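What follows is a single structure, written as structure tokens, with notes after it.
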Amino acid sequence: MAMKGAIVVDRERCKGCGVCMVNCPVQVIGLTKEVNAKGYPICYMANPEECTGCTNCATVCPDSVITVYRVKV
Amino acid sequence: MDVKDIIKPENKVYGKCPVMTEKVLHYCPGCSHGTIHKLLAEVIDEMNIQDKTIAVSPVGCSVFAYNYIDIDWQQAAHGRACALATGVKRLCPDKYVFTYQGDGDLAAIGTAETIHACNRGENIVVILVNNAIYGMTGGQMSPLTLEGQVTSTTPYGRKIELNGYPLKITNLAAQLDGTCYVTRQSVQNAAAVRRTKKAIRKAFENSAQKKGTSLIEVVSSCNSGWKLSPIGANKWMEDNLFPFYPLGDLKDK
């Protein structure tokens, strides 16, 4: 059974550290070119169709900005 | 399937822990403190002990931990967190008491308090965040700084003949009869974060069972103090700190 996932990022709290990016096993996450009010780039789903909702990104996020959703397909 | 169909409240599998407050963390991007705060909050939430937990915050970056985890806090003078936690635990023996300290706080100015609290076997949990420098004050050498490590007070690297050997305080605490659980963990990847969370949970349970002091050292990164990127700091930590501070349980009785 395959899993499909998606993440929602709290854009104003994200500090663009990229720890989620390197911990994603399927390279879903990228960093935006534009920045938030604090001047940090923001993580986003650059490759959304690959996301399995494994929660690794949210688990390692130091600022708890990532919410993960998952469905069985 | 469209992303909009996945993002629905019933499909949520992981989000911000309700025990964390709404305040934005003041830590640098990628700082391990945020992850460790989150783990503590999650364990407190899962054990349903939010109103039964009293924590002691140290001096250092994490002095503001009381703004982020929604439990009762005391703030100790530099290094004295274990002494204060002893008092709190003895006055309120049915509460869960933990200290949250950096390596400069716990292993330099607070060595005596830490060692004696561990030796007395106080039923508290001690969280040691070891980033091998004094992070808040500008990256000075701490007792846990590695040999040869460049810091702002050892610009040519730490020299043994001048600065002595790095102090493995966790190994020292494991020798003491008062400690029941001594472990060294990290939070640089998802597997490590999950292991650290398990360790924190176990430490809180030991505290409830009055087994003695539990000490959890979390080997952490300080990317601004080390002058590296967040990802580069995690890599440096794996390459340099882990060989000297190997991860795993040192004592579990």
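FYI, it's all coordinate maths here, none of it is from the lab. Only a predicted model underlies this, so the values are computations on that prediction, with no experimental measurement involved. Cβ placement follows ideal geometry from the backbone for every residue including glycine, while neighbour counts extend to all protein chains displayed.
Among the residues of segment B:219-242, are any closer than 19 Å to B:K95 by Cα, surrounded by fewer than 16 Cβ atoms within 10 Å (Cβ to Cβ) and touching a residue at least 24 places away in the same chain (Cβ under 8 Å)? Checked segment B:219-242: no residue is closer than 19 Å to B:K95 by Cα, surrounded by fewer than 16 Cβ atoms within 10 Å (Cβ to Cβ) and touching a residue at least 24 places away in the same chain (Cβ under 8 Å).
Given the criteria surrounded by fewer than 16 Cβ atoms within 10 Å (Cβ to Cβ) and either under 22 Å from B:A203 (Cβ atoms) or of a type outside the set (D, E) (or both), does B:D103 qualify? Answer is no for this residue. Given the conditions (1) within 20 Å of the chain's Cα centre (by Cα); (2) more than 22 Å from B:S221 (Cα to Cα); (3) free of Cβ contacts under 8 Å to residues at least 24 places away in the same chain, which single one is not true for B:A174? (3) is the only condition that B:A174 fails. When we screen B:A208, B:A203 for residues that are crowded, with 17+ Cβ neighbours inside 10 Å and touching a residue at least 40 places away in the same chain (Cβ under 8 Å), the only hit is B:A203. Given the condition part of a helix (DSSP H, G or I) and more than 24 Å from B:Y68 (Cα to Cα), answer yes or no: does some residue in segment A:25-43 qualify? No - not one qualifying residue is present in segment A:25-43. Scoring B:C92 on the criteria (1) away from chain A (no Cβ under 13 Å); (2) hydrophobic (A, V, I, L, M, F, W, C); (3) crowded, with 16+ Cβ neighbours inside 10 Å; (4) over 16 Å from the mean Cα position of the chain (by Cα) leaves a single failure, condition (3). Within segment A:39-61, the set of residues being under 24 Å from B:P18 (Cα atoms) and either at the interface with chain B (Cβ under 7 Å from one of its Cβ atoms) or surrounded by fewer than 23 Cβ atoms within 10 Å (Cβ to Cβ) (or both) comprises A:I42, A:Y44, A:G53, A:C54, A:T55, A:N56, A:A58, A:T59, A:V60. When restricted to residues that are more than 14 Å from chain A (Cβ to nearest Cβ) and within 28 Å of B:G121 (Cβ to Cβ), segment B:208-243 contains 11. Do you know which of the residues in segment B:186-200 that are part of a helix (DSSP H, G or I) and of a type in the set (V, I, T) is surrounded by the fewest Cβ atoms within 10 Å (Cβ to Cβ)? Result: B:V193. When B:I169, B:I160 are screened for being under 21 Å from B:S62 (Cβ atoms) and either more than 14 Å from chain A (Cβ to nearest Cβ) or surrounded by fewer than 19 Cβ atoms within 10 Å (Cβ to Cβ) (or both), only B:I169 passes. Would a scan of segment B:37-59 turn up a residue that is surrounded by fewer than 18 Cβ atoms within 10 Å (Cβ to Cβ), closer than 30 Å to B:P166 by Cβ and of a type in the set (G, A, S)? Looking through segment B:37-59, none of the residues is surrounded by fewer than 18 Cβ atoms within 10 Å (Cβ to Cβ), closer than 30 Å to B:P166 by Cβ and of a type in the set (G, A, S). Against the list (1) part of a loop (DSSP other than H, G, I, E, B); (2) small (G, A, S); (3) more than 7 Å from chain B (Cβ to nearest Cβ), the condition A:S64 fails is (3). For segment B:201-250, the set of residues classified as over 24 Å from B:C31 (Cβ atoms), assigned to a loop (DSSP other than H, G, I, E, B), touching a strand residue (DSSP E or B) at 6+ places or on another chain (Cβ under 8 Å) and not charged (D, E, K, R) consists of B:G212 only. Note on segment A:22-38: residues that are over 22 Å from B:K4 (Cβ atoms) and crowded, with 19+ Cβ neighbours inside 10 Å total 1.
Being within 28 Å of B:M136 (Cα to Cα) and more than 10 Å from chain A (Cβ to nearest Cβ) is the filter here, so list the residues in segment B:180-197 that pass it. Within segment B:180-197, B:V182, B:T183, B:R184, B:Q185, B:S186, B:R195, B:T196 qualify.
Residues in segment B:22-49 that are within 11 Å of another protein chain (Cβ to nearest Cβ) and assigned to a loop (DSSP other than H, G, I, E, B): B:E22, B:K23, B:V24, B:L25, B:H26, B:Y27, B:C28, B:P29, B:G30, B:C31. Tallying residues that are at the interface with another protein chain (Cβ under 10 Å from one of its Cβ atoms), within 17 Å of B:P29 (Cβ to Cβ) and not small (G, A, S) within segment A:3-23 yields 11.
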